[in-house]
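Everything on this sheet refers to the single structure shown next.
Any read-out appearing in this document is the output of simple, stated calculations on the displayed coordinates, not a laboratory observation. None of the values given here were measured: they were computed from a predicted structure. So basically every Cβ, Gly included, is an ideal-geometry build from the backbone, and we count neighbours across all protein chains shown.
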Amino acid sequence: MKKLKTLMIMLVVIITALRFGNISKAAENDQGRYCENGLYYEYNQSTDDYILVDADPQLEAVIIPDTVAGKHVERMGYSVFQDNTRLKKVMFNKYISVIKTNTFANCTALEDVVLLDNINVVEEYAFLNCTSLKKMTFADGIYCIEKCAFYNAGLEKIQFANDYISIESNAFLKCKNLKSVAFIGVSEIGSKAFGDCTVLGKVTFKKVSSEARIASDAFENTKWVKAYQRKHKAIVTKGVLINGYYMKGNVTLNGKKIHGITALAFAGNQKIKKVKLKDIEAIGEKAFVRSSVTEVSLIGGEILGHNLFNNCRRLRKISVSGIKTIPENTFVSIPALKKLILGKEVTKIESDAITNCEKLHTLRFKTRKAMDWHPYEYGNKDVFKGCPKIKHVYMNRPKWERKNPSADWLA
């Protein structure tokens, strides 16, 4: 009899334990939590869906379901699989759009991750130290990879499907097995995004816009860049110069071979001197920021980006010809600039096109046409804001030509 009672008690304990480990759906919904196949979810009442918040650290393969308990799984929390050294394969569902910070950090056994087109963003440190991850398909939906997302991952080959992807600084830093990267197009590649990927020897772009922001050190210490570095050559792809950081001395670029220069292309280059750009259709913003350029000649072209020569502390003279419009914020914060010459084709100067050039003392206009320029717009009190030393303004206008009534700066 005692043995029977003991067996009954043990049976009750076992059943209770099993029920505790596999709580009924109704009970878990009441508590806002749900567990299934080693994955833990929290119910969000405001959005009427579940958030994947945790996982059993012993899991080796995971398929994230579209629904649990009749509700969509549309989001995940931070660090869900972090430090799981057994996890090898993960397949995402069709609803989750963001891989959160530290999701797979230090998952050193992870080999295969399947992403559908609904994934838009890979947050910082998401795949940190995933050294067994050799390949990954970056679906068309991904438009942003945040800083250090794949730091020290084992990737060997990368192919992006989105033609306007943004890759933040250090995103693939120290991926020492990475051999090739293929872009369709790109919006931004941040500082050292592929830095120290020492065996990276092939980088291709199907198309590149001058508006793309590619940091001059984006591919620092890679096999691909070193080939240009040794020869002090610019990196040009599809007729667009994407990196001029390794050029030195006087630089002359012609529109016959190069039709565009991307943003930041020469940023920080301390070895260039005089720069002559002829018939370059478009020059991206901050293309020469913080460089050692001493003199610039801009001849022809259509698009000038903002802040082209910010903080170029040796730049003393700029000449512009063959260009009709000087856009806003083109010549800004050039501390050593003393002389600016605008050719006869320049007939329009947009608001704040020339500002904060504290040593600028000479401005020469060569046009004989009426100038479209309204420096007093938007309440500005100074014709040359932040240019206190300007003394000499030369105009090439015949005496008999009437003053342009719309150009209040001539009155």
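Show which lysines lie in cross-link reach of residue 71 when reach means a straight Cα distance below 22 angstrom and same-chain residues fewer than eight apart are skipped.
25, 94, 100
Which net charge results for the neighbourhood of residue 87, defined as the other residues with beta-carbon distances under 11 angstrom from its beta-carbon, given Lys and Arg at +1 and Asp and Glu at -1?
With Lys, Arg at +1 and Asp, Glu at -1, the neighbours total -2.
Testing the spin-label approximation: label points 7 Å from Cα along Cα→Cβ at residue 276 and residue 47. State their distance in nm.
Reported label-point gap for residue 276 and residue 47 is 5.8 nm.
Put a dot 7 Å past each Cα toward the Cβ at residue 211 and residue 182; how far apart are the dots in nm?
So the label points at residue 182 and residue 211 sit 2.6 nm apart.
Taking the Cα atoms of the chain alone, what are Rg (to one decimal) and Dmax (as a whole number) in Å?
Cα radius of gyration and Dmax of the chain are 29.8, 126 Å respectively.
Taking the Cβ of residue 389 as the centre, find all other residues whose Cβ is under 12 Å away and add up their charges (Lys, Arg: +1; Asp, Glu: -1).
Around residue 389, the charge tally is +3.
For the pair residue 257/residue 223, report the inter-label distance in nm, with labels modelled 7 Å from Cα in the Cβ direction.
Inter-label distance under the simple model: 2.6 nm.
Only four residue types carry charge here, +1 at the Cβ of Lys and Arg and -1 at the Cβ of Asp and Glu. Report the dipole size of the range 26-207 about the Cα centre in Debye, rounded to the nearest 20. Intermediate results must be reported in sequence, preceding the final value.
Values: 19 positive and 24 negative charges, 217 e Å.
Dipole of the range 26-207, to the nearest 20 debye: 1040 debye.
For an R0 of 22 angstrom, estimate the FRET efficiency from the Cβ-Cβ distance between residue 383 and residue 294 and round to the nearest 0.05. Spell out each step's value before the answer.
Details: r = 27 Å, r/R0 = 1.21.
Step by step, r from the Cβ atoms, then E = 0.25.
Compute a Gaussian network model of the chain, connecting alpha carbons closer than 10 Å, and tell me which residue from 366, 147, 256 fluctuates the most.
256
Could you work out which residue, out of 231, 359, 385, moves most in a Gaussian network model of the chain, that is, has the largest mean-square fluctuation with Cα springs under 10 Å?
231
Tell me, in nm to one decimal, what length is gained between residue 112 and residue 321 on full extension, where the rule is 0.36 nm per residue of separation less the Cα-Cα distance?
69.7 nm
Taking 22 Å as R0, compute the FRET efficiency from the Cβ-Cβ separation of residue 348 and residue 393 and round it to 0.05.
Efficiency, from the Cβ-Cβ distance: 0.85.
Normalising by the residue count of the range 26-207, find the relative contact order in percent from Cα pairs under 8 Å and 6+ residues apart.
12 percent.
Where q = 0.14 Å⁻¹, what log10 of I(q)/I(0) comes from the Debye formula for the range 266-395, counting one point per Cα?
-0.55
For the range 26-207, what percent of Cα pairs sit more than 27 Å apart?
When all Cα pairs of the range 26-207 are counted, 27 percent exceed 27 Å.
In the Gaussian network model of the chain, springs joining C-alpha atoms below 10 Å, which of 197, 175, 35 carries the largest mean-square fluctuation?
Ranking 197, 175, 35 by mean-square fluctuation puts 35 first.
Local charge sum around residue 182 (other residues, Cβ-Cβ under 10 Å, Lys/Arg +1, Asp/Glu -1)?
So the surrounding residues net to +3.
Would you mind getting me the FRET efficiency between residue 71 and residue 91? Use the beta-carbon distance for r and R0 = 22 Å, nearest 0.05.
Efficiency at R0 = 22 Å is approximately 0.70.
Taking a 22 Å limit on the Cα-Cα distance, which of the listed pairs 286/389; 276/389; 271/348; 286/359 fall beyond it?
Cα-Cα > 22 Å for 286/389; 276/389; 271/348; rest within.
Report, to the nearest 10°, how far helix 2-21 tilts away from the longest principal axis of the Cα atoms in the chain, using its own Cα long axis and a range of 0 to 90°.
That works out to roughly 20 degrees.
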